[in-house]
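Working notes, structure below.
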Amino acid sequence: MNTNGNTILITGGGSGIGQALAHRFHDQGNTVIIAGRRLATLEAAAEGRPGIHPMVLDADDGAAIAAFAARVTAQFPALNVLVNNAGIMRAETLDAPRDLADAEATITTNLLGPIRLTDALIGHLIAQGDGVVVNVTSGLAFVPLVMTPTYSATKAALHSYTVSLRAALEGRVKVIELAPPAVQTELTPGQSTREGYLPLEEFADEVMTLLAQTPTPPEILVQRVHPLRFAERDDRFASVMTMLNGQAH
């Protein structure tokens, strides 16, 4: 993947990982579109950076996604990189009947959102000749966190979907998976200062170094996520799951 000269769309680009990547891509000479629900948040993320363009997107609404895709490609016809980063993470309990609203919202945002937006833009990306799709999953795609079961499941599903997408688009669009570990962002309350989580700036620096490799790896895996990603391969799944969930409790 070329790391400069692109026009890049990042969902969830107003904060956290999305914002950090938007700033780094912008610093490397890319035009960057950041999309999300709250215009004020997007404008704050773009402040002082004329090459970053905020656009409102409700990633939970299929019709809104289709309309957004038409609007963004009309305004930015050179768009050639899509980063599906928007996501939510909510704690759930599984040992009693409950309101499933959080589970349903998580599936809509984390899984249907990327599927819908990729589908809406795929023809445009193929036509570009150098199109790239980056799907942001999680280390929890490979070892689940019991207290966030639907989040973990959606990231596992998006990993599988990305594998299929990569095979289907081979030779036409490059498909990359970015699987973060626990990073200091506001994905959950208090997470941005949580001890033991990878500092956001350190994470983003390592990601950009990995993206600049030739050839670009199909999976962007910072060192901190390796124990989760390779737990099953290394026959350590049970012990890693016990450790991960013990730390969470």
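Per-structure values
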{"read-out": "ALA45 being under 30 Å from THR214 (Cβ atoms), not basic (Lys, Arg) and not in a helix (DSSP H, G or I)", "value": "no"}
{"read-out": "Every residue from region 7-39 that is assigned to a loop (DSSP other than H, G, I, E, B), of a type in the set (S, T, N, Q) and out of contact with any Asp or Glu (no Cβ under 8 Å at 6 or more places or on another chain)", "value": "GLN28, ASN30"}
{"read-out": "Some residue of region 58-71 being out of contact with any helix residue (DSSP H, G or I) (no Cβ under 6 Å at 6 or more places or on another chain) and within 25 Å of ALA212 (Cα to Cα)", "value": "no"}
{"read-out": "Flag if ARG172 is more than 24 Å from ALA86 (Cβ to Cβ), in contact with a helix residue (DSSP H, G or I) (Cβ under 6 Å, 6 or more places away or on another chain) and surrounded by fewer than 16 Cβ atoms within 10 Å (Cβ to Cβ)", "value": "yes"}
{"read-out": "Complete set of residues in region 165-180 that are assigned to a loop (DSSP other than H, G, I, E, B) and either hydroxyl-bearing (Ser, Thr, Tyr) or within 22 Å of GLY14 (Cβ to Cβ) (or both)", "value": "ALA179, PRO180"}
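Yes/no per residue for (1) part of a loop (DSSP other than H, G, I, E, B); (2) under 19 Å from the mean Cα position of the chain (by Cα); (3) among the acidic types (Asp, Glu); (4) over 16 Å from VAL32 (Cβ atoms):
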{"position": "ALA70", "(1), (2), (3), (4)": "no, no, no, yes"}
{"position": "ALA74", "(1), (2), (3), (4)": "no, no, no, yes"}
{"position": "ALA78", "(1), (2), (3), (4)": "yes, no, no, no"}
{"position": "ILE88", "(1), (2), (3), (4)": "yes, yes, no, yes"}
{"position": "GLU92", "(1), (2), (3), (4)": "yes, no, yes, yes"}
{"position": "ALA103", "(1), (2), (3), (4)": "no, yes, no, yes"}
{"position": "ILE107", "(1), (2), (3), (4)": "no, yes, no, yes"}
{"position": "THR118", "(1), (2), (3), (4)": "no, yes, no, yes"}
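The rows are residues; the columns are (1) within 17 Å of the chain's Cα centre (by Cα); (2) without any contact (Cβ under 8 Å) to a residue 12 or more places away in the chain; (3) in a helix (DSSP H, G or I); (4) within 22 Å of HIS23 (Cα to Cα).
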residue: GLU195; (1), (2), (3), (4): no, yes, no, no
residue: GLU201; (1), (2), (3), (4): yes, no, yes, yes
residue: ALA204; (1), (2), (3), (4): yes, no, yes, yes
residue: LEU210; (1), (2), (3), (4): yes, no, yes, yes
residue: ARG233; (1), (2), (3), (4): no, yes, no, no
residue: SER239; (1), (2), (3), (4): no, yes, yes, no
residue: GLY246; (1), (2), (3), (4): no, yes, yes, no
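Just so you know, all these numbers are worked out from the coordinates, no wet-lab data involved. Quick caveat: nothing in here was measured; it's all calculated off a predicted structure. Every residue, glycine as well, gets a Cβ built from its backbone with ideal geometry; the counts of neighbours run over all protein chains shown.
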